[in-house]
Amino acid sequence: MNGKIHSFESLGAVDGPGIRFVIFMQGCALKCEYCQNRDTWNLHGGIEYSADEVLEKILKYKNYIMPHRRCYH
Ligand code: SF4
């Protein structure tokens with residue numbers, strides 16, 4: 001399976017609790033009025049990645065994003 005990716009954020013901390021690997025997909029026709037990612041709308045932009053390629057990128061950061069690494073004190 002392949003998909004068009006706009007960008008990756010390796011250590012995202014602003015889109016929810018904790019630290020996560022964020023994948024911004026490319027191509028959106030909804031055009032929501034308050035969209036914060038209008039640069040992802042272009043249906044012809046982005047770079048095509050396979051699911052395996054994306055997983056390979058995510059696994060490089062697993063030590064930072066896995067739940068057992070969090071401190072709840
Ligand atoms: S917020 Fe932006 S990217 Fe998300 S569905 Fe709406 S227009 Fe598309």
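The values are calculated or read from the model by the stated rules, or taken from the named source; none is laboratory data. In this text the structure is predicted, and so the values were computed from the model without any measurement. Positions of Cβ are generated from backbone atoms using ideal geometry, with glycine treated the same way; all protein chains shown enter the neighbour counts.
General remarks:
- Of the residues contained in the range 50-62, one or more are found to be of a type in the set (Val, Ile, Thr) and touching a strand residue (DSSP E or B) at 6+ places or on another chain (Cβ under 8 Å).
- Scanning the range 41-59 for residues that are surrounded by 11 or more Cβ atoms within 10 Å (Cβ to Cβ), charged (D, E, K, R) and free of Cβ contacts under 8 Å to residues at least 24 places away in the same chain yields Glu53, Glu56.
- Condition met for Asn63 (in contact with an Asp or Glu (Cβ under 6 Å, 6 or more places away or on another chain) and more than 15 Å from the ligand (Cβ to nearest atom)): no
- Extreme residue, farthest from the chain's Cα centre (by Cα), among residues of the range 12-40 that are among the small types (Gly, Ala, Ser) and surrounded by 14 or more Cβ atoms within 10 Å (Cβ to Cβ): Gly27
- Test result for Glu9, charged (D, E, K, R), modelled with pLDDT of 95 or more and surrounded by fewer than 14 Cβ atoms within 10 Å (Cβ to Cβ): no
- Of the residues making up the range 4-31, those that are within 12 Å of the ligand (Cβ to nearest atom) and of a type in the set (Phe, Trp, Tyr) number 1.
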